[in-house]
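Q: Here it is, the structure, as structure tokens.
Readers should treat all values here as calculations from the given coordinates under stated rules, not as data from a laboratory. Worth saying up front: this structure is predicted, and the values here are computed from it rather than measured. Counting neighbours? That spans all protein chains shown, and the Cβs are built from the backbone with ideal geometry, glycine included.
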């Protein structure tokens, strides 16, 4: 999808940036807000911004104060998975 945004010339001049940099800046703002509001996933952030790895996505989101969506329910689920894995390993 391609979206065009019109910015008045006097404001565009104040941005003092090349058009490609303004486009990237606006795309990043959109992606960060979409991630924060859980409209897109971590994976989709990387895909939209063409970031090379999960770690690059993590760094990008951290830079923009948009942290991983992880709550107590997720923590408890991870704990249960670890318990099950430990029980399996103990049985071996």
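Q: If you build a Gaussian network model of the chain, linking Cα atoms that sit under 10 Å apart, which residue out of 26, 15, 82 swings the most?
A: Looking only at 26, 15, 82, the largest GNM fluctuation is found for 82.
Q: Now a separate question. For the chain, what does the relative contact order come out to in percent, with C-alpha contacts under 8 Å and a separation of six or more?
A: Rounded, it is 16 percent for the chain.
Q: Between residue 70 and residue 25, what FRET efficiency comes out of the Förster formula 1/(1 + (r/R0)^6) with R0 = 41 Å and r the beta carbon distance, rounded to 0.05?
A: With R0 = 41 Å, the Cβ-Cβ based efficiency is 0.90.
Q: Divide by every residue of the chain the summed helix terms, -39500 (n - 2.57) for each DSSP H run of at least 4, and state the resulting mean residue ellipticity at 222 nm, rounded to the nearest 500 deg cm²/dmol.
A: Rounded to the nearest 500, it is -21500 deg cm²/dmol.
Q: Under a no-solvent Debye model with one identical scatterer per Cα of the chain, what's log10 I(q)/I(0) at q = 0.11, 0.18, 0.24, 0.26 Å⁻¹?
A: Reported log10 I(q)/I(0), two decimals: -0.50, -0.92, -1.17, -1.25.
Q: What is the helix-to-structure angle for 54-63, meaning the angle in degrees between its Cα long axis and the longest Cα principal axis of the chain, kept from 0 to 90 and rounded to the nearest 10?
A: 60 degrees
Q: How long is the gain from residue 63 to residue 41 if the chain were fully straight, where each residue apart is worth 0.36 nm and the alpha carbon distance is subtracted?
A: Details: separation 22, 0.36 × 22 = 7.92 nm, distance 1.68 nm.
That pair, residue 63 and residue 41, stretches by 6.2 nm at full extension.
Q: Further question on the same structure: Fewest first, what order do 60, 43 take by the number of other Cβ atoms within 10 Å?
A: Details: 60 18, 43 10.
Exposure proxy ranking, most exposed first: 43, 60.
Q: At 0.36 nm per residue, and after removing the present C-alpha to C-alpha distance, how many nm does the segment from residue 87 to residue 5 gain when stretched out fully?
A: 23.9 nm
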